[in-house]
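J.: Structure provided below as structure tokens; questions to follow.
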Amino acid sequence: MSELSHTAAGDLPMIELRHVHKWFGAFHVLNDVSLSVRRGERVVICGPSGSGKSTAIRCINRLEHHQQGEIFVDGIELTDDIRQIEAVRREVGMVFQQFNLFPHLTVLDNLTLAPIWVRKMPKREAEALAMHYLERVRIPDQARKFPGQLSGGQQQRVAIARSLCMKPQVMLFDEPTSALDPEMIKEVLDVMVGLADDGMTMIVVTHEMAFARRVADLMIFMDRGEIVETAPPAEFFSAPKSERTRLFLSQILRD
Amino acid sequence: MAKAVAWVRARLFNTPVNALLTLLILYGLAVTVPPLFDWGVLRASTSAADYAACRQSGGACWAFIGDWYRFILFGRFPYDQQWRPAVTVVIFIALLLASSDRRLWHRRLAVLWIIGLVVIGILMWGGIFGLPYVETELWNGLPLTLILAVTGIAFSFPLAVLLALGRRSGMPAVRVLCVFYIEIIRGMPFIVFLFMGSVMLPLFLPENLTIPKLWRADIVFALFIAAYVAEVIRGGLQAMPRGQFEAAQALGLGYWRQMRLVILPQALVISIPALVGTFIGAFKDTALVTVVGFFDLLQDVTAGMNDPHWRGAYVEGYAFVAAIYFVFCYFMSRYSRYLEAQLSRGR
């Protein structure tokens, strides 16, 4: 239980992965992944599909469990203890590629669900909070609609607002624009840039390199389950050290 | 007229196979409907004094139903008190109709059901408000069928949800237990469990604890259909995208809240058509209680057919009971189609 009490803040990393390994059967999906993210830091992870980048961030809120190594979030270690896991999940927001809004609930109910049931917030207060974040993602007029009535870009913005309603310390983005039509990508990225400007701690898995250049403090390139390269964006894009990073960037930046 | 011809051509004779099928069906109807109409309506007798008199006209003997309908519907319930089960049936039908209106799906509906069931209990048992007490042995016929079906389904449902969740649980002990329960129940006929409930169960119960036969059968019935309902719900759960579970987890919802707030509301809607099918089957299965000595609709009509005056009126008696079953089952099936259309709209 001692991990639950927050150690004096200071320079303690918000997220720390130490020598994390994970296997799907015989497939070594995470191979000795170590990563440290400070409060307020923005990290962008890129890499070819199957490189383990999504799995890595899904380990941070335990949608996947790691088999070796240690993961700490805000000083809480992720173990099999469901109380620890739920404590971490309350502080870590996640945005999915497929939005994963709850289709049977209105937009407003999607947003107030967790504040009401997890944070025990009174309904009125939760709705005010939800409207605040809907305004922030610029779709307050859609509050009474169902997710199925919105465009993909609007749904993803609702999903971001839903996570923000829990007032998370960290936001994880798992390819948030990969399922969107090109004309909708910008409206979602704009919201994410806004979040970054407000100082949110973010880990983003994406192929949007223009976005990465704009907001990232740190770029990470993963391939075959390993972190191949870690560098600030300026260095990462202009002078990648590894051949694999160079190849990947040349493919992704071609057009 | 030209329009009708065009319609017939387009719908009934558009391909050689369809034309052939149409002709076959027309032939089938021509062979069966006129004699049936002749028997059931034209030559039917509604006023004969006994079955022998009916035979004179050579048609159906509806006079038998006229003479025996009260016993068929309410069985041995005291004759002068039979307005009580009659009102019970009306209350049940009203409750079912009210529940079928989606606009009334609200907590108030549950309150309505509780009030309705209390009133039904008072009516059937009596013993207060000057109503003479009637023991459950005498609750016969249609009210018995409805009580068994409605309470059986209502009790089975929460159990079925737990079994379905348990079967998908990450805890091996829970999963094995649920699989074991479901497969045992599904692996044996209902009649076996009915006999166990009515004959064997009392042997294991303490001497001073006697559960009336009606409630033993009802419990067995609920436990039995729960296994089938659980499998239907499991199908709905399996159809849920993984992302819905993950989104609920990522928001910090605990297991039961994930299920109650996010997963089950969607999974149950997906399951509605199959659930209604299971409920229709369960409704008809209540007729099996006849074999352990209950006077349900089927047993009541058999008693009538043994009346010396009406010996031989089998077809009429069974047709009457079949019609009652059909009305309820047809309503359920129409309702499920309506509900599917309603729920798939606007999504």
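J.: Using alpha carbons only, how many angstrom separate the centre of segment B:150-167 from the centre of segment B:27-57?
T.: Cα centroid of segment B:150-167 versus Cα centroid of segment B:27-57: 46 Å apart.
J.: Would you mind checking which residues have amide H under 5 Å from A:R42's amide H? H placed 1.01 Å from N; only 5 or more apart, or other chain.
T.: Residues meeting the amide H criterion: A:M202, A:D217, A:L218.
J.: Give the aspartates and glutamates whose C-alpha is closer than 13 Å to that of A:K22, dropping any in the same chain fewer than 8 places away, or say none.
T.: A:D32, A:E64, A:E70, A:E226
J.: Distance between Cα centroids, segment A:192-250 to segment B:7-24: provide it in whole Å.
T.: Centre-to-centre distance over Cα atoms comes out at 67 Å.
J.: In chain B, which cysteines lack any other cysteine Cβ under 4.7 Å from their own?
T.: Flagged as lacking a Cys partner: B:C178, B:C329.
J.: Would you calculate the volume per residue, in Å³, of the smallest convex hull containing every Cα atom of chain B?
T.: Convex hull volume per residue, Cα atoms: 232 Å³.
J.: Moving on to the next point. Could you calculate, for segment B:1-42, the ratio of the Cα radius of gyration to the Kirkwood radius, expressed as Rg to Rh?
T.: For segment B:1-42, the value is 1.17.
J.: From the phi of every residue in segment B:296-305, what ³J(HN,Hα) in whole Hz does the Karplus formula 6.51 cos²θ - 1.76 cosθ + 1.60 yield, where θ is phi - 60° and glycine or proline is x?
T.: Each residue's phi maps through the Karplus curve to give 8, 3, 5, 5, 4, 5, 4, 4, x, 5 Hz.
J.: Please compute, for peptide B:158-171, the average count of beta-carbon atoms on other protein chains lying within 10 Å of each residue's beta-carbon.
T.: For peptide B:158-171, the averaged partner shielding equals 0.
J.: Here's a follow-up. Let me know the charge dipole size of chain B about its Cα centre in debye, to the nearest 20, where only the beta-carbon of Lys, Arg (+1) and Asp, Glu (-1) is charged.
T.: Once rounded to the nearest 20, the dipole reads 1600 debye.
J.: Whose amide H sits under 5 Å from the amide H of A:E226, counting only residues 5 or more places off or on another chain, with H placed in the peptide plane?
T.: The answer is A:N31.
J.: Among A:F27, A:M192, A:V228, flag the residue with its Cα farthest along the positive direction of the charge dipole of chain A, charges on Cβ as +1 for Lys/Arg and -1 for Asp/Glu.
T.: Farthest along the dipole direction, towards plus: A:M192.
J.: To the nearest Å, what is the center-to-center distance of segment B:215-268 and segment B:80-138, using C-alpha atoms only?
T.: 29 Å
J.: What's the ranking of B:324-336, B:198-210 by average number of surrounding C-beta atoms within 10 Å, highest first? Before the final figure, lay out each step's value.
T.: Values: B:324-336: 14.8, B:198-210: 9.7.
Top to bottom by mean Cβ count within 10 Å: B:324-336, B:198-210.
J.: Projecting each Cα onto the charge dipole of segment A:140-255 (Lys/Arg +1, Asp/Glu -1 at the beta carbon, about the Cα centre), which of A:G152, A:C165, A:M202 comes out farthest on the positive side?
T.: A:C165
J.: Related question: In this model, which of A:K53/A:K186; A:K53/A:K167; A:K145/A:K167; A:K167/A:K241; B:K3/B:K284 are farther than 31 Å apart at the alpha-carbon?
T.: A:K167/A:K241; B:K3/B:K284
J.: May I pose another question? Using Cα pairs under 8 angstrom and six or more residues apart, how large is the relative contact order of segment B:12-156, in percent?
T.: 20 percent
J.: Give, as a single signed number, the net charge of other residues whose beta carbon lies under 10 Å from the beta carbon of B:L148, with Lys and Arg counted +1 and Asp and Glu -1.
T.: Local charge sum for B:L148: -3.
J.: Going Cα to Cα from A:K123, which aspartates and glutamates come in below 14 Å? Please leave out same-chain ones fewer than 8 positions away.
T.: Correct list for A:K123: A:D109.
J.: Moving on to the next point. Compare the Cα positions of A:T79, A:L113, A:P103 along the charge dipole of segment A:1-137 (+1 at Cβ of Lys, Arg; -1 at Cβ of Asp, Glu; about the Cα centre) and return the one farthest towards the positive end.
T.: In segment A:1-137, that residue is A:P103.
J.: Give me the inter-chain shielding for A:157-170: mean count of other chain Cβ atoms within 10 Å, whole number please. Display every interim value, and only then the final one.
T.: Details: counts 0, 0, 1, 0, 0, 3, 3, 0, 1, 3, 0, 3, 0, 0.
Per residue, the number of nearby Cβ atoms from other chains is 1 on average.
J.: In sequence order, what are the phi-derived ³J(HN,Hα) couplings for segment B:331-340 according to the Karplus relation 6.51 cos²θ - 1.76 cosθ + 1.60 with θ = phi - 60°, rounded to whole Hz, with x for glycine and proline?
T.: In residue order, the calculated couplings are 4, 4, 5, 4, 4, 5, 5, 4, 5, 4 Hz.
J.: Can you sort A:M94, A:M171 from fewest to most other Cβ atoms within 10 Å of each residue's own Cβ?
T.: Exposure proxy ranking, most exposed first: A:M171, A:M94.
J.: Output the peptides B:73-85, A:150-162 sorted from most to least packed, where packing is the average of other Cβ atoms within 10 Å over each peptide's residues. Kindly include the intermediate steps, with their values, before the conclusion.
T.: Working: B:73-85: 18.0, A:150-162: 23.6.
In decreasing order of mean packing, B:73-85, A:150-162 become A:150-162, B:73-85.
J.: Just from its helices, what would the mean residue ellipticity at 222 nm be for chain B, if runs of 4 or more DSSP H residues each count -39500 (n - 2.57) and the sum is divided by every residue, rounded to the nearest 500 deg cm²/dmol?
T.: When only DSSP H runs of four or more count, the value is -22500 deg cm²/dmol.
J.: Partner chain Cβ atoms within 10 Å, averaged over the residues of A:96-102 - can you pull that number for me?
T.: 5
J.: Now a separate question. Once the convex hull of the alpha carbons of the protein assembly as shown is built, what does its volume come to per residue, in cubic angstrom?
T.: 263 Å³
J.: Right, here's the next one. Could you please rank B:T145, B:T151, A:T79, placing first whichever residue has the fewest other Cβ atoms within 10 Å of its Cβ?
T.: A:T79, B:T151, B:T145
J.: Stokes-Einstein diffusion coefficient for segment B:78-133 at 4 °C in a medium of 1.567 mPa s, Rh from the Kirkwood formula over Cα pairs: what value in µm²/s?
T.: Calculated translational D: 107 µm²/s.
J.: Continuing with the same structure: Going by average Cβ neighbours within 10 Å, how do the peptides A:99-106, A:230-237, A:39-46 rank, with the highest at the top?
T.: Most protected by this proxy first, the peptides run A:39-46, A:99-106, A:230-237.
J.: Quick one: dipole size for the protein assembly as shown, taken about the Cα centre, charges +1 on Lys/Arg Cβ and -1 on Asp/Glu Cβ, in debye to the nearest 20. Working shown, then result.
T.: Values: 58 positive and 52 negative charges, 240 e Å.
Charge dipole of the protein assembly as shown: 1160 debye, to the nearest 20.
J.: How charged is the neighbourhood of B:A49? Take every other residue with its Cβ under 13 Å from the Cβ of B:A49, and add Lys/Arg as +1 and Asp/Glu as -1. Kindly include the intermediate steps, with their values, before the conclusion.
T.: On the way: positive: B:R55; negative: B:D50, B:D67, B:D307.
That works out to -2.
J.: How large is the helix-only mean residue ellipticity at 222 nm for chain A, computed as the sum of -39500 (n - 2.57) over DSSP H runs with n ≥ 4, divided by its residue count, in deg cm²/dmol to the nearest 500?
T.: Estimated from H runs of four or more residues: -11000 deg cm²/dmol.
J.: For segment A:54-176, with only Lys/Arg (+1) and Asp/Glu (-1) charged at the beta-carbon, what is the dipole magnitude about the Cα centre, in debye rounded to 20?
T.: 600 debye
J.: While we're looking at this one, here's another question. Count charges around B:W310 for me, please; just the other residues with Cβ under 9 Å from its Cβ, Lys/Arg as +1, Asp/Glu as -1.
T.: Net charge in that neighbourhood comes out at -3.
J.: Can you list the residues, at least 5 places off or on another chain, whose amide H is less than 5 Å from the amide H of B:N140, using H built in the peptide plane?
T.: B:R76, B:F77
J.: From the backbone phi of segment A:76-89, what are the Karplus-calculated ³J(HN,Hα) couplings (6.51 cos²θ - 1.76 cosθ + 1.60, θ = phi - 60°) in whole Hz, Gly and Pro given as x?
T.: With the stated coefficients, segment A:76-89 comes to 9, 7, 7, 10, 6, 5, 5, 5, 5, 4, 5, 4, 5, 5 Hz.
Every read-out reported here was derived from the displayed coordinates using simple, explicitly stated rules and does not represent laboratory data. Since the structure is predicted, the reported quantities are computational estimates derived from the model, not experimental observations. Note that we place each Cβ from the backbone using ideal geometry, even for glycine, and neighbour counts take in every protein chain shown.
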